[in-house]
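What follows is a single structure, written as structure tokens, with notes after it.
The values are calculated or read from the model by the stated rules, or taken from the named source; none is laboratory data. Note that the coordinates shown come from a computational prediction; the quantities given were computed from them, not determined experimentally. Cβ placement follows ideal geometry from the backbone for every residue including glycine, while neighbour counts extend to all protein chains displayed.
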Amino acid sequence: MVETMVRQVLKDIPAKAVAMETGCGVDIFYKASQGTRKLPQGRDARRKFSELHPCAGLAVALEDTGWDMFGYLEGDRHIQTLIQICLKEDSEVDEQLAGLSRMLIGKTEPEDLTPEDVVVLKAVVKEVSDEVRSLLNFIIGLDEHFRLDVIDWIKKNDTRRETKCR
């Protein structure tokens, strides 16, 4: 799936420009787009690559974590289809969350959970993950279709303060 996202980046940005921006060779990105090698491993190169295109950021996140929520939805990527996928995933999350609050009353530690509770919580995590994936792909779809330059917009409008991990 990483290769699909790298191909999308190279479709929108010439490989030479990607190579120049990241300080890596062009062949690295061609091979990554074919699935025959990983993305550049240097921290700075990965950061620069991820800032070039929304699909690049997702490719780095997917490669680093293996989390499917960072995956690229293949197939019909028409905006209306992506909206319907988001609505479907949202309703599935709403359904999963509906009884969760009541189920967790009085349960504050892992030992408080029954095996059935664990199954329910894992199902919720899967549905939330699917929704995050659909929303990220919707943002990418908007960016691809309408050329919104979402990465620049996000950088300019990010008002969160950096916090240090404990």
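The table below lists the values:
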{"read-out": "Complete set of residues in the range 56-70 that are part of a helix (DSSP H, G or I), surrounded by fewer than 18 Cβ atoms within 10 Å (Cβ to Cβ) and in contact (Cβ under 8 Å) with a residue 40 or more places away in the chain", "value": "68"}
{"read-out": "Unmet requirement for residue 127, which otherwise passes all of (1) touching a helix residue (DSSP H, G or I) at 6+ places or on another chain (Cβ under 6 Å); (2) within 16 Å of residue 76 (Cα to Cα)", "value": "(2)"}
{"read-out": "Qualifying positions in the range 19-55 - more than 17 Å from residue 144 (Cα to Cα), part of a helix (DSSP H, G or I) and of a type in the set (S, T, N, Q)", "value": "22, 33, 34"}
{"read-out": "Residue satisfying condition, being charged (D, E, K, R), surrounded by 13 or more Cβ atoms within 10 Å (Cβ to Cβ), touching a His at 6+ places or on another chain (Cβ under 9 Å) and not assigned by TED's automatic domain parsing to the domain that holds residue 8, within set 143, 117, 90", "value": "143"}
{"read-out": "Of residues in the range 1-10 being of a type outside the set (S, T, N, Q) and modelled with pLDDT of 95 or more, the one surrounded by the fewest Cβ atoms within 10 Å (Cβ to Cβ)", "value": "3"}
{"read-out": "Members of the range 5-18 found to be more than 10 Å from residue 48 (Cα to Cα) and either part of a helix (DSSP H, G or I) or β-branched (Val, Ile, Thr) (or both), listed by number", "value": "5, 6, 7, 8, 9, 10, 11, 12, 13, 15, 16, 17"}
{"read-out": "Residues of the range 19-53 satisfying the condition of being of a type in the set (Ser, Thr, Tyr) and either surrounded by 16 or more Cβ atoms within 10 Å (Cβ to Cβ) or in contact (Cβ under 8 Å) with a residue 60 or more places away in the chain (or both)", "value": "22, 30, 33, 50"}
{"read-out": "Test for residue 27: is it at pLDDT below 95 and among the acidic types (Asp, Glu)", "value": "no"}
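Residue-by-condition table, conditions (1) out of contact with any Leu (no Cβ under 6 Å at 6 or more places or on another chain); (2) assigned to a helix (DSSP H, G or I):
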position	(1), (2)
82	yes, yes
91	yes, yes
119	yes, yes
122	yes, yes
128	yes, yes
131	yes, yes
135	yes, yes
138	no, yes
159	yes, no
